[in-house]
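Shown next, in structure tokens, is the structure this report addresses.
Where a number appears in this text, it was derived from the coordinates with a stated rule and is not lab data. Everything numeric here is computed off the predicted structure, so don't read it as measured data. For neighbour counting, all protein chains shown are included, and Cβ atoms are generated from backbone atoms with ideal geometry for every residue, glycine included.
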Amino acid sequence: MTEEQINKLINKLNDEDYDVRKNVEDILIKLGNQSIGPIIKALDHDNPEIQMESARILGKMGNEKALNALIEALKDGNPEFRREVSLAISKIVDKDP
């Protein structure tokens, strides 16, 4: 899957339909390393819903490659987003080896 296709999926993370959002999340998680870069970039997306969903997905992926970007995202002014980022960081850091 190309980065452009992955970005199109990421933009669907704020779809009104829960099933669409859930399916997109599942696909992005299954893509793993292929999707992690675009998801990290989405932490800076203009849409706060996409930012929060991206943080949630990174937490579920549990990939330590996302830690630096998540730590940087803690500086964001949106307290809801910072909460999601904190949860994602804790899921990555606290996962069982």
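Summary table
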read-out: Options (1) 15, 51, 30, 4; (2) 11, 15, 14, 14, 10, 9, 8, 7, 6, 5, 3, 0; (3) 17, 54, 27, 2 - which one matches P(r) over Cα pairs in 10 Å bins from 0, in percent as calculated here; value: (3)
read-out: Percentage relative contact order, the stretch 24-68, counting C-alpha pairs under 8 Å, at least six apart; value: 37 percent
read-out: Selected from Ile36, Ile57, Ile71 as most flexible by GNM, with the chain as the system and alpha-carbon contacts under 10 Å; value: Ile71
read-out: Spatially near lysine pairs across the chain, Cα under 21 Å, sequence gap of 8 or more or different chains; value: 27
read-out: Charged-residue dipole, Cβ positions (Lys, Arg, Asp, Glu), the chain about Cα centre, Debye nearest 20; value: 300 debye
